[in-house]
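Heads up, the thing below is written out as structure tokens.
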């Protein structure tokens, strides 16, 4: 019984340490504030890419929508630079996902990806599509 308690305590301690690491690990903006050379409309195993027509002021409008999303904050960039990277954390465990948005002529390119794991279970695609639905509704 004593060994069972010790084992359970060790597992609990490791789970708490892993949770703290996920929430407190430093984020290097230089690593995440980038875009692939080619962005197309597709889902990835650990993220998603989208390209949409935006028109004048589109990046600023989308930035306003993204900043109101729960647990989302800006990591790097600005509307003036034409590229912004955001961090959105999952509700329970605080896993970070990174989304980079770039103005390209009259389009907006979006690249969302998970930091941990190989699959995001479609979370990034659903989040981006939700932002784009709101963007389309607001014209």
Worksheet item: What is the helix-to-structure angle for 58-67, meaning the angle in degrees between its Cα long axis and the longest Cα principal axis of the chain, kept from 0 to 90 and rounded to the nearest 10?
Response: 20
Worksheet item: With axes computed from alpha carbons, what is the tilt in degrees of helix 2-24 against the longest principal axis of the chain, rounded to the nearest 10 within 0 to 90?
Response: 20
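Over the Cα atoms of the stretch 22-82, compute the convex hull volume and normalise it per residue, giving Å³.
131
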Worksheet entry | Linear extension gain, residue 65 paired with residue 1, 0.36 nm per residue minus alpha-carbon span | 17.6 nm
Worksheet entry | Cβ-derived FRET efficiency at R0 35 Å, residue 25 paired with residue 129, nearest 0.05 | 0.80
Worksheet item: Any idea what angle helix 123-137 forms with the longest principal axis of the chain, computed on alpha-carbon atoms, 0 to 90 degrees, nearest 10?
Response: 30
Worksheet item: How many percent of Cα pairs in the stretch 15-119 exceed 24 Å?
Response: 23
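Read-outs: derived from the displayed coordinates by stated rules, not from any lab. Computed from a predicted model, the values in this text were never measured in an experiment. Glycine also receives a Cβ, built like all others from the backbone with ideal geometry; neighbour counts cover every protein chain displayed.
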